[in-house]
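See structure below.
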Amino acid sequence: MAKIAFLGLGQMGAPMARRLLQAGHELTVWNRTPDRAKPLAGAGATVARSPAEAGAGAEFAITMLATPEGLQEVLLGENGLANALGPGDVYIDMSTVGPDTVRSIAARLAEGVAVVDAPVRGSVSQATEGRLEVFVGAGDKDFERVRPILESLGSLTHVGGPGAGAAMKLVANLVLGASIAAVGEAVALGEALGLGRAPLLNMLEDSQLAPAVRAKRANIESGHYPPNFKLRHAAKDLRLVVEAAAGADRDLKVSIAARAWLDAAVESGAADLDYSAVVGTILGEKPQP
């Protein structure tokens, strides 16, 4: 069993940290809002007062944060986690921040700190049950070091060296954002042409968009979008996709359009609803929690 620091106890981070506790690891946790750590403290975790305190003495440090900006502050700011990391330690970022951020942070850590990027695909229920898909970017030796830790969280795919996990997650979320926007536009066009919503969704459930429709049909039909994956995070991910594409000299017109819809949904007040609330925005409705 390992001594692990876990920083970031949001919708996904909290159940992931609990999985590590249940696996028998010695866990120290930190969150910007301390109250989020109380349930884990009751389950046996130690609660740190700062990122640096969380990482002190840990063999492995994991971050699960919402944005590149937030990650850099927690890692590199005053009392940041980087102050506690030294040779032989392993730093694992499981956030969705893109490969450029991962490489930039790795370059600023102490020499001898192993850096692994391992973002996840899945929802809160999958995080709770340990059924996440984990895209791991790491050298072969580092992958073997982190495998026993990450296997508590779900199934692992070693997709390449450092930065490859972050890159794969951007591609996965490109598909997520583009597909839900396509569902919204398909329903919007069908209804404008006089078709009923139920027949449209029935047809779409047998189309190339079937996974997105089956997962979010109840939300679309009810007009209620309780957050599973918040729309603000999906919008951030599409921003990262478009920025990464520009840096790689790729013009992704579909991703740009999907990002525009997600940004419009954020601006209309749906930021903290499920990302599928973008469908309601496309349909000209007011998505509800």
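Past the 27 Å Cα-Cα mark, which pairs from Lys38/Lys286; Lys3/Lys141; Lys169/Lys253; Lys38/Lys230; Lys141/Lys253?
Lys38/Lys286; Lys141/Lys253
Could you tally the net charge around Asn79, taking each other residue with its Cβ under 11 Å from the Cβ of Asn79, Lys/Arg +1 and Asp/Glu -1?
Net local charge, Asn79 excluded: -2.
Just in the range 84-136: which GluC sites (Glu not before Pro) are loop by DSSP and have at most 10 other Cβ atoms within 10 Å?
When the GluC sites (Glu not before Pro) of the range 84-136 are filtered for loop state and at most 10 Cβ neighbours within 10 Å, Glu111 remain.
If I histogram all Cα-Cα distances within the range 3-160 using bins 5 Å wide from 0, what percent of pairs lands in each bin?
2, 10, 21, 25, 23, 14, 4, 0
Share of antiparallel DSSP beta bridges in the range 3-160, in percent to the nearest 5?
10 percent
By Kyte-Doolittle mean hydropathy of at least 1.0 and Cα axial length of at least 30 Å, which whole DSSP H helices of the chain are selected?
Those that pass (Cα extent of 30 Å or more, hydropathy at least 1.0) are 164-192.
Suppose we keep just the DSSP beta bridges with both residues in the chain; what percent of those would be antiparallel, to 5?
15 percent
What net charge do the residues around Arg18 carry, taking every other residue with its C-beta under 15 Å from that of Arg18, with Lys and Arg at +1 and Asp and Glu at -1?
Result for the local shell: +2.
What whole-number value in cubic angstrom gives the convex hull volume per residue for the C-alpha atoms of the chain?
In the chain, the Cα hull volume divided by residue count equals 127 Å³.
Report the net charge of residues surrounding Thr46, where surrounding means a beta-carbon distance below 13 angstrom and charges are Lys +1, Arg +1, Asp -1, Glu -1.
+1
As a footprinting exposure proxy, order Ser104, Ser179 by other Cβ within 10 Å, with the fewest listed first.
Ascending Cβ contact count within 10 Å gives the list Ser104, Ser179.
Over what distance in Å are the Cα centres of the range 157-172 and the range 202-224 separated?
28 Å
Laboratory data are not the source of any read-out in this text; all were calculated from the coordinates shown. Quick caveat, the model's predicted, so the values are computed rather than measured. Cβ sites come from the backbone with ideal geometry, for glycine too, and all protein chains shown count toward neighbours.
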